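Following: one structure in structure tokens, then a few remarks.
The values are calculated or read from the model by the stated rules, or taken from the named source; none is laboratory data. Predicted, not measured: the structure shown is a model, and the values here were computed from it. Glycine also receives a Cβ, built like all others from the backbone with ideal geometry; neighbour counts cover every protein chain displayed.
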Amino acid sequence: MFGIRLRSLVALTAVAATLAFVAIEAADSAPRMNAGSRGSRTYSAPPSTATAPTTARPIERSMTQPGQPGAATAARPTAPAAAPAGGFFNRPGLLGGLAGGLLGAGLIGMLMGNGFMGGLGGLASMFGLLLQVGLFALVAMLAWRWWQRRSQPAAAMAGGPSMRDAAPTEERPRTFGGLGGGFGGAPAPVSDGPVEIKPADFDDFEQLLGEIQTAYGAEDLGALRSRMTPEMLSYFSEELAKNASSGLINKITDVKLLQGDLAEAWSEGDVEYATLAMRFSRIDQTVDRASGRVVEGTAHPQEATELWTFRRTGGGYWVLSAIQQAQ
């Protein structure tokens, strides 16, 4: 008899625990996403902290693809066209044609038995011979001048100052965003490294946590847009669209940060990242859009632990860049 009662008690306890777990899961209707971008560390797990001692769930949705190449390589320059073979008579243009014609005429004269100059028809006299010699001299002079002009640019470039000889200049100030970053030449090199997070930054993170949760509950896309990256805005907008198509509203109120600590902070060029583990409470209810009836959730605060990554560019304002759930 006692054994039957014990088994019944164990079964009832298991059922109650299951129902309680289901109720807790149903009560937390806010988006529990693992999405966004963390720069070069998107697919690397952030370090564990006292707030989130276990490993965070990996990023499941991101516009940063694993193994995505950086800048596209420049197109390989095509090989220049082969220069014509050397030799004076192989030169194109007027000089080559004139010289070729004189040579052809001389050869014809030799074949006819009139000598090299006999084939020029009407120029067999001494005057004709002198004229031919003068033409040869003129052609040779023109060819020599042409060859000198052709060689001068290469010599000037070879002997002129090079970029290696230029004196070093001061580092050019970097511009952030806009057209200034695209037409001012290559950006100055910057080093990546750790970032110091100050107390004012922690205040910003806590404020963003509450404002983003509240704006999502109010379906305020304008408030969300100014507090997160466009990528994260697309994910939040997708969740809101699902609720709207189902005739529901996910109301989130009374957001309070209970515990939080920094997991890691780093820079990539002009962009700074900070990942924080945060345990917070909120009243999370899903209500019918038409009647206002509570479909899921309770009026009691529910706790959640998530890792939020924030980013800022050029020392500007922090915005939400990624969310990961603590396992």
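Only residues that are exposed (fewer than 10 other Cβ atoms within 10 Å of the Cβ), at pLDDT 50 or above and over 14 Å from the mean Cα position of the chain (by Cα) were counted across region 61-83, and they come to 0.
Considering only residues that are hydroxyl-bearing (Ser, Thr, Tyr) and under 23 Å from the mean Cα position of the chain (by Cα), look in region 189-241 and name the one that is nearest to residue 301 (Cα to Cα).
Within region 189-241, the match that is nearest to residue 301 (Cα to Cα) is 235.
When 253, 305 are checked against the criterion of being over 34 Å from the mean Cα position of the chain (by Cα) and either buried (at least 16 other Cβ atoms within 10 Å of the Cβ) or not in a loop (DSSP other than H, G, I, E, B) (or both), 253 stands alone in meeting it.
If you take the residues of region 270-302 that are part of a strand (DSSP E or B) and hydroxyl-bearing (Ser, Thr, Tyr), which of them is surrounded by the fewest Cβ atoms within 10 Å (Cβ to Cβ)? It would help to see each step written out before you state the result.
Here is the first cut: in region 270-302, the residues part of a strand (DSSP E or B) are 271-288, 294-297, 302.
With the extra rule that they be hydroxyl-bearing (Ser, Thr, Tyr), the set shrinks to 273, 275, 281, 286.
Details: 273: 22, 275: 23, 281: 15, 286: 20.
Here the answer is 281.
Tallying residues that are basic (Lys, Arg) and assigned to a loop (DSSP other than H, G, I, E, B) within region 308-327 yields 0.
Does residue 299 count as closer than 17 Å to residue 213 by Cβ and modelled with pLDDT under 95? Quick ask: steps written out before the conclusion?
Values: closer than 17 Å to residue 213 by Cβ: yes; modelled with pLDDT under 95: yes.
So residue 299 fits the description; yes.
Are any of the residues in region 199-211 within 23 Å of residue 262 (Cα to Cα) and among the aromatic types (Phe, Trp, Tyr)? Step through it out loud before you land on a result.
Our first condition is that a residue be within 23 Å of residue 262 (Cα to Cα); within region 199-211, this holds for 199-211.
From what is left, the residues that are among the aromatic types (Phe, Trp, Tyr) are 202, 205.
Yes; the residues of region 199-211 include at least one that is within 23 Å of residue 262 (Cα to Cα) and among the aromatic types (Phe, Trp, Tyr).
No other residue among 26, 17 is at pLDDT below 95, outside the structural domain of residue 313 (by TED's automatic domain parsing), out of contact with any Gly (no Cβ under 8 Å at 6 or more places or on another chain) and more than 24 Å from residue 261 (Cβ to Cβ) apart from 17. Which members of region 210-250 meet the condition of being hydrophobic (A, V, I, L, M, F, W, C), more than 20 Å from residue 273 (Cα to Cα) and in contact with a helix residue (DSSP H, G or I) (Cβ under 9 Å, 6 or more places away or on another chain)? Result: 215, 221, 223, 236, 240, 248, 249.
Would you say residue 241 is in contact with an Asp or Glu (Cβ under 9 Å, 6 or more places away or on another chain) and either surrounded by 16 or more Cβ atoms within 10 Å (Cβ to Cβ) or part of a helix (DSSP H, G or I) (or both)?
In short, no.
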